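Data first, discussion second: the structure below is written as structure tokens.
The values are calculated or read from the model by the stated rules, or taken from the named source; none is laboratory data. All values reported here derive from a predicted model rather than from experimental measurement. Here the Cβ positions follow ideal geometry from the backbone for every residue, glycine too, while neighbour counts run over all protein chains shown.
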């Protein structure tokens, strides 16, 4: 069962769950996993976030999922990304302190991928970046997403995209991917839309394939 944590961010308490691998498995990495846009129903319980966290746990990672400020029982209110990046930094601080000496990874889905990639790329403690359907093309939520830190980062970058993503079309992802420095890998899930409806288990399988044998 996930552990309920005492995570606190700049705006107050952040509701969070910690999934750890079995006691027989050495912890490979401590991962902070961010959820989709708070104003469009995104939470730490979103299916793709849940499946992604469980997959990373299966390959030996300990994974922190949390609700951004103003979501669920988390205190504060939506801050159009700036405050959410502060929340993510607080989660990185928590995992770094709880697992000293363990590799720290940043992961996220959709809006959460933008937060994770940009925050993780700029944090020297973070060694791996994981983005699922990052909003590299559209500003459907009324926000303009930019990725200067990610595009300048030489950290390993693992990306997953739906072939039929209606929010962030695949051709835009390919353009973005082409601009990213190595090392990088991209998995495209056949016929998957932006939310990976009916295919969230495939997201988990893709993460296991990408990171199961990864060594920094």
Given the criteria crowded, with 22+ Cβ neighbours inside 10 Å and either at pLDDT 95 or above or closer than 28 Å to residue 201 by Cβ (or both), does residue 76 qualify? no
Of these, 134, 181, which one is part of a loop (DSSP other than H, G, I, E, B) and either within 14 Å of the chain's Cα centre (by Cα) or within 23 Å of residue 58 (Cα to Cα) (or both)? 134
All but one of (1) on the phi > 0 side of the Ramachandran plot; (2) in contact with a helix residue (DSSP H, G or I) (Cβ under 6 Å, 6 or more places away or on another chain); (3) surrounded by fewer than 22 Cβ atoms within 10 Å (Cβ to Cβ) hold for residue 196, so report the exception by its number. (3)
Members of the stretch 110-122 that are touching a helix residue (DSSP H, G or I) at 6+ places or on another chain (Cβ under 6 Å) and either surrounded by fewer than 24 Cβ atoms within 10 Å (Cβ to Cβ) or touching a residue at least 40 places away in the same chain (Cβ under 8 Å) (or both): 115, 117, 121, 122
Hits in the stretch 4-27 - residues which are assigned to a strand (DSSP E or B), under 20 Å from residue 75 (Cβ atoms) and either without any contact (Cβ under 8 Å) to a residue 60 or more places away in the chain or under 19 Å from the mean Cα position of the chain (by Cα) (or both): 4, 8, 9, 16, 17, 18
On the given criteria, is residue 121 touching a strand residue (DSSP E or B) at 6+ places or on another chain (Cβ under 9 Å), part of a strand (DSSP E or B) and more than 26 Å from residue 191 (Cβ to Cβ)? no
Please go through (1) within 20 Å of residue 134 (Cα to Cα); (2) surrounded by fewer than 24 Cβ atoms within 10 Å (Cβ to Cβ); (3) within 16 Å of the chain's Cα centre (by Cα) for residue 39 and return the number of the only condition it doesn't satisfy. (3)
Answer from 56, 64 - the residue that is without any contact (Cβ under 8 Å) to a residue 60 or more places away in the chain, buried (at least 24 other Cβ atoms within 10 Å of the Cβ) and either out of contact with any helix residue (DSSP H, G or I) (no Cβ under 9 Å at 6 or more places or on another chain) or more than 20 Å from residue 135 (Cα to Cα) (or both): 64
For the subset of the stretch 1-16 comprising residues that are modelled with pLDDT of 95 or more and surrounded by fewer than 20 Cβ atoms within 10 Å (Cβ to Cβ), which member is nearest to residue 207 (Cα to Cα)? 15
Could you tell me which of the residues 169, 156 is closer than 19 Å to residue 211 by Cβ and surrounded by 15 or more Cβ atoms within 10 Å (Cβ to Cβ)? 156
